[in-house]
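Remarks on the structure that follows.
The values are calculated or read from the model by the stated rules, or taken from the named source; none is laboratory data. Remember, it's a predicted structure, so these values are computed and weren't measured experimentally. FYI the Cβ positions are ideal-geometry reconstructions off the backbone, even for glycines, and counts take in every protein chain you see.
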Amino acid sequence: MTPLAWLHQLQHGSPEASRRALAKAITLLESDKPAHREQADALLTLVQPVSGGAFRLGLSGVPGVGKSTFIEALGLALIAQGHRVAVLAVDPSSSLSGGSILGDKTRMERLSVHPQAFIRPSPARGNLGGVAEATREAMLVCEASGYDVVLVETVGVGQSESAVANMTDMFVLLQLPNAGDDLQAIKRGVMELADLIVVNKADLDPDAATRAQATLTSSVRLLGLGHGQPEAHKPEVLQLSALHGQGLGEFWQAVQRYRAHQGGAHVQHKRRQQALSWMWERVNAGLQRAFRAHPQVQAELAAIEQQVAQGKLPASTAARRLLAAQQIKA
Ligand code: GDP
């Protein structure tokens with residue numbers, strides 16, 4: 001299929017044909033084969049002008065916090081309002097162990113079979129950078145295919161969280177009701193990424209959830225989070241019960257408040273910055289790959305690393321020596 005025919009299927013095919021074309025397009029984007037990459041780039045170039053129409057919502061939290069329960073409940077509620085919802089994932093574990101703790105379709109049984117929903121498990125494209133890149137590209141194709149809400153989930157590993165925050169318009173952090181008891185356990189870095197914090201499973205222990213909400217609210221203030229956003233938006237802290245569907249309406253209202261506060265111009269600016277930062281992230285990753293693959297670097301790397309580790313060679317001298325192998329001056 002030519003990229004143009006592909007795009008036509010995505011946009012104008014019957015629901016089944018469009019869904020098939022979308023799934024196949026994402027498989028293509030996930031492939032590492034150079035021929036596939038070329039085709040994928042041709043498709044992405046066509047998709048780009050017709051993408052960008054969705055609200056992009058990032059979501060994170062430790063395993064078991066209730067991400068899939070929440071996404072299923074929210075997704076179904078949004079579909080009932082007339083939205084089309086795509087769910088994508090960035091699973092840092094799949095790139096390390098080959099196993100997956102995210103994106104398993106069976107986790108969202110009702111949403112995954114809904115004709116207005118599209119769920120795609122996390123790709124396993126080598127390193128985390130590759131996984132995140134494939135997800136980011138998948139998001140664009142989902143948008144071209146008419147999904148107007150894209151949810152991107154990840155788990156609590158710093159790097160994957162910033163990757164997701166850097167591909168979405170808004171980043172939500174899910175917490176357990178005991179979160180307030182152990183604030184140390186909540187990494188400041190992740191709190192800094194959050195535009196909205198949600199205490200889930202409030203039904204289990206309403207008092208604990210209320211305490212957690214209060215503690216998180218004051219720590220948001222203490223940490224001075226929300227800087228760098230228009231008029232220093234302070235992340236709101238909500239509580240809900242995904243399992244019982246309680247608080248979902250309030251959640252969506254808080255999302256709308258955030259979006260209204262940000263304004264369309266800010267979102268466009270943020271997306272432009274994100275696109276540039278992705279470009280450099282991928283350039284850097286490519287340079288590093290090429291660098292490591294260089295024969296002279298390969299020949300010298302192990303010995304030089306050992307000397308640096310043993311304190312026999314200054315790190316900066318070692319770096320200069322390795323870079324010189326590729327005629328790069330530092
Ligand atoms: P994930 O690993 O973050 O995707 O978490 P899951 O959505 O798989 O949820 C883990 C467990 O917590 C499941 O047994 C859910 O039924 C349960 N759970 C999720 N949300 C709630 C909630 O709001 N209240 C209660 N009581 N249990 C919940």
*asked:* So the check is Cβ under 6 Å with 6+ separation or different chains; which pairs have a first residue in segment 17-31 that's outside any helix (DSSP H, G or I) and at pLDDT 90 or above and a second one that's surrounded by 15 or more Cβ atoms within 10 Å (Cβ to Cβ) and aromatic (Phe, Trp, Tyr)?
replied: none
*Kindly indicate whether Asn178 is over 20 Å from His269 (Cβ atoms), within 16 Å of the ligand (Cβ to nearest atom), at pLDDT 95 or above and over 13 Å from the mean Cα position of the chain (by Cα).*
no
_segment 145-174 residues that are free of Cβ contacts under 8 Å to residues at least 60 places away in the same chain, paired with ones that are surrounded by fewer than 24 Cβ atoms within 10 Å (Cβ to Cβ) (beta carbon under 6 Å, 6 or more apart)_ = Gly158/Gly189
*asked:* Quick check on my filter: what residues within segment 56-74 are more than 9 Å from the ligand (Cβ to nearest atom) and under 15 Å from Ser160 (Cα atoms)?
replied: Leu57, Gly58, Leu59, Ser60
*Can you tell me which residue in segment 202-211 is surrounded by the most Cβ atoms within 10 Å (Cβ to Cβ), limited to those that are in contact (Cβ under 8 Å) with a residue 12 or more places away in the chain and assigned to a helix (DSSP H, G or I)?*
Ala209
_Matching option when the condition is at pLDDT below 90 and basic (Lys, Arg), among Arg282, Arg321, Arg259_ = Arg282
*From the set of residues in segment 116-144 that are of a type in the set (S, T, N, Q) and surrounded by 24 or more Cβ atoms within 10 Å (Cβ to Cβ), which is modelled with the lowest pLDDT?*
Ser122
*asked:* Condition (residue is within 16 Å of the ligand (Cβ to nearest atom), assigned to a helix (DSSP H, G or I) and of a type outside the set (Phe, Trp, Tyr)) applied to segment 212-235: is it met by at least one residue?
replied: yes
*Select from segment 52-76 the residues that are among the polar types (S, T, N, Q) and either assigned to a helix (DSSP H, G or I) or at pLDDT 95 or above (or both) and list them in ascending order.*
Ser68, Thr69
*Scan segment 243-289 residue by residue and report those that are within 30 Å of Thr69 (Cα to Cα) and either of a type in the set (S, T, N, Q) or not in a helix (DSSP H, G or I) (or both).*
Leu243, His244, Gly245, Gln246, Gly247, Gln253, Gln256, Gln262, Gln274
